[in-house]
Each structure stands twice: as C-alpha cells, then as structure tokens.
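What follows is one structure encoded as structure tokens, with my remarks underneath.
The values are calculated or read from the model by the stated rules, or taken from the named source; none is laboratory data. These numbers come from a predicted model, not from an experiment. Cβ placement follows ideal geometry from the backbone for every residue including glycine, while neighbour counts extend to all protein chains displayed. Side chains are part of the model used for accessible areas, which takes the heavy atoms of the whole protein and leaves out ligands, DNA and RNA. Shrake-Rupley method; radii C 1.70, N 1.55, O 1.52, S 1.80 Å.
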Amino acid sequence: GDCELVGISDGNDEKRSFLRGKKTKHTRDGGGNYSQALFTEEEAFDEEECRVLSNLHMSDDDGNDSDDIIDDDSHNKHQPPPKPPLCGGNRPRSRSAPNIASTTSFPTFRDAIKDRAGWLIGLLFLQSCSSFIIQYNEGFLQDHMVIVQFLTMLVGAGGNAGNQASVRVIRELALGTLNERTMKPFLKQEAKMAFGLSGLLGLTGFIRAALFRTPPGETIAVTASLCAIVAISVGIGSTLPLVMKKVGIDPAHSSTTIQVLMDIFGVLITVSVSSLVFSFKMFMHKGSGDDVNDENSS
C-alpha cells in the first residue's frame with residue numbers, strides 16, 4: 001500500500017521522500033515553493049492503486065525552476081513504459097466489467113429448504129395459539145357474531161401493516177441507509193407512522209361498519225380494535241427485523257413472523273377491546289345470550 005518514490009527539488013537541492021500510509025500531493029505556491037497536502041476525498045483512491053503522486057521536478061544550474069521531466073536516451077532505456085495516472089487523474093477502467101451474477105453463490109437446495117421449512121413449521125405451531133384464544137372466548141363470540149364477521153378484516157389489517165413496516169426496514173438494512181446514525185430518526189418516524197396509520201385505518205373501519213348498519217356497540221369495538229391492532233403491528237414490524245439482526249437471525253424471516261404474530265395479537269386485542277366495550281350497559285343489546293335464554297325459559 002506504499003506509494004512510489006517521489007523526487008522533488010526546491011531551488012538547487014533535490015529532495016526525495018517516501019510517502020507511506022497517506023494519500024498526499026505536492027502543491028506549488030506563488031514563490032515556487034512546494035508543500036505537501038492531503039488529497040481530498042474525491043481525489044484520493046485506494047492505497048493499492050496509488051502509484052504516482054507528482055512528476056519529478058528538477059532545477060537547472062542557474063537556480064531557475066524547470067517543469068520538464070528528464071528525457072534522455074539513456075534514461076528512457078532503463079525506464080519502464082509510463083503507467084496511466086492513478087492519483088489525481090482519471091481512473092482507468094477495464095473494458096469489460098465483471099459479471100456480478102456469475103460470481104454470486106447461492107445456498108444449495110438442501111440448505112435453503114432446511115432454513116425456510118424449519119422456520120415455517122415453527123410458525124405453524126405458533127399460529128395455533130390464535131385458535132386457543134378463540135376457543136377460550138367462544139361464548140363471548142357467540143353472543144356477538146358481528147365481531148366474528150369483522151375478525152378477518154381486523155387480523156388481516158394488522159398483518160398487512162406490520163409486514164409493510166417490516167419490509168421497509170429490511171430494504172433499508174440491505175441498502176445500508178439504516179445504521180446506528182440513522183436509527184433514532186428512523187424509529188421516530190415509524191412511531192409517527194404507527195399513530196397516523198392507525199387513525200386512518202380506524203376511520204376507514206368505522207365508515208365500513210356504519211355503511212353495513214352495524215350496531216353502535218360493535219361499531220365502536222371494531223374501530224377501537226382496528227386502531228390498536230394497526231398501531232401495535234407497525235411498532236412490531238419496524239423493530240422485529242432489527243431485533244432479529246441483533247441476535248443473529250436473518251431479518252428476512254421477520255416478514256413471515258409478523259403475519260403470525262398479528263394473527264395471535266389481532267384476535268387477542270379484538271376480544272379484549274370488545275369485552276371492555278360491552279362491559280358498559282349502554283352498549284348491551286337484546287341479542288345477548290342471557291336475554292335469549294331468559295326468553296326461552298319464559
């Protein structure tokens with residue numbers, strides 16, 4: 001990584017210096033003196049590619065500076081052919097660029113299917129938790145069948161919002177734009193995005209429930225559940241890839257994981273929020289199970 005020997009003369013004295021480990025250049029001021037300065041970031045190339053920093057400057061016997069390079073026959077016979085300038089000049093480029101696709105190695109089919117299938121099988125068992133939640137709250141859901149009709153919409157909205165946030169984080173990590181310096185402002189923006197999207201999707205869910213003449217209690221329960229699900233899903237989707245990368249797991253798995261997690265959290269949030277809403281007497285309606293049993297007994 002060392003640069004070549006550079007000969008420089010100032011007046012009648014010929015100075016030679018080895019420039020090691022630094023990218024430098026020699027500049028000449030108005031008085032004919034030379035000084036050594038660092039290359040700018042645009043002028044400097046890799047140290048392995050640095051060959052020539054400046055031309056050999058000699059002075060004549062009278063002390064007058066001459067910018068001509070020594071050019072005699074005996075000198076040229078022992079000198080190698082000149083190389084194209086690599087420092088401060090145009091960087092030479094090869095005529096044929098390497099084919100990146102040909103040098104890329106993909107994992108074998110056995111390794112790929114082992115990694116992907118193992119992860120999907122684990123998520124399959126994890127997704128069974130949502131059925132346990134539904135089974136545990138079967139009585140409540142039977143009394144409020146309208147909530148069951150909105151359940152797929154609520155769970156799907158959470159999965160979509162979380163997957164959208166997860167894919168964005170994965171893309172920024174792949175491009176290298178998401179790092180320690182940009183992490184804090186990025187997470188702040190995602191927090192604002194979580195509240196913004198939850199409000200917009202909550203309003204959309206409210207309009208959808210109102211158009212289908214959903215009872216007021218179910219309408220409020222669906223709207224509140226949708227707002228909570230979307231906000232939580234965006235929060236998990238934007239942080240899950242970062243956590244996976246931190247513990248050494250491929251962040252690409254977060255896009256599938258967020259879908260399963262929001263299936264579980266979506267059902268749990270919907271049941272919890274709906275139970276809270278229907279705990280108020282003003283939202284109880286005659287279609288509840290207790291009222292039906294009282295009518296049948298009478």
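At 7 Å along Cα-to-Cβ for each site, give me the label-to-label distance between residue 276 and residue 171 in nm.
For residue 276 paired with residue 171, the spin-label model returns 3.3 nm.
Can you pull the one-decimal nm distance between simple spin-label points at residue 207 and residue 242, each 7 Å off the Cα toward Cβ?
Label-label distance for residue 207 and residue 242, simple model: 3.3 nm.
Heavy atoms only, probe 1.4 angstrom, no DNA, RNA or ligands counted: give me 180, 172, 190 ranked by accessible area, highest first.
180, 172, 190
Distances longer than 19 Å among the Cα atoms of segment 159-212: what percent of all pairs is that?
Roughly 41 percent, once rounded to a whole number.
To the nearest 10 square angstrom, how much accessible area does residue 166 have with a 1.4 angstrom probe?
0
So what J values fall out for segment 259-266 if you push phi through Karplus, 6.51 cos²θ - 1.76 cosθ + 1.60 with θ = phi - 60°, rounded to Hz, Gly and Pro as x?
Couplings: 5, 5, 4, 6, 4, 6, 5, x Hz.
Round to the nearest 10 and report in Å² the accessible area of residue 212, as given by a 1.4 Å probe over the protein chains' heavy atoms.
Using a 1.4 Å probe on the heavy atoms, I get roughly 140 Å².
Once you have the alpha carbon radius of gyration of segment 176-294, what is it after dividing by 2.2 N^0.38 Å, with N set to its residue count?
Relative to the rule-of-thumb radius for its length, segment 176-294 sits at 1.37.
Going by accessible area, probe 1.4 Å, with all protein chains left in place, what is the ranking of 282, 244, 153, largest first?
Correct descending sequence by accessible area is 282, 153, 244.
May I ask which of 192/281; 188/281; 188/245 have a Cα-Cα span longer than 31 Å here?
Violating the 31 Å limit, Cα to Cα: 192/281; 188/281.
Sort 108, 223, 152 by heavy-atom solvent-accessible area, probe 1.4 angstrom, most to least.
Highest to lowest solvent-accessible surface, that is 152, 108, 223.
Taking the full set of protein chains and a 1.4 angstrom probe, give the accessible area of residue 208 in square angstrom, rounded to the nearest 10.
Surface accessible to solvent at residue 208 totals approximately 90 Å².
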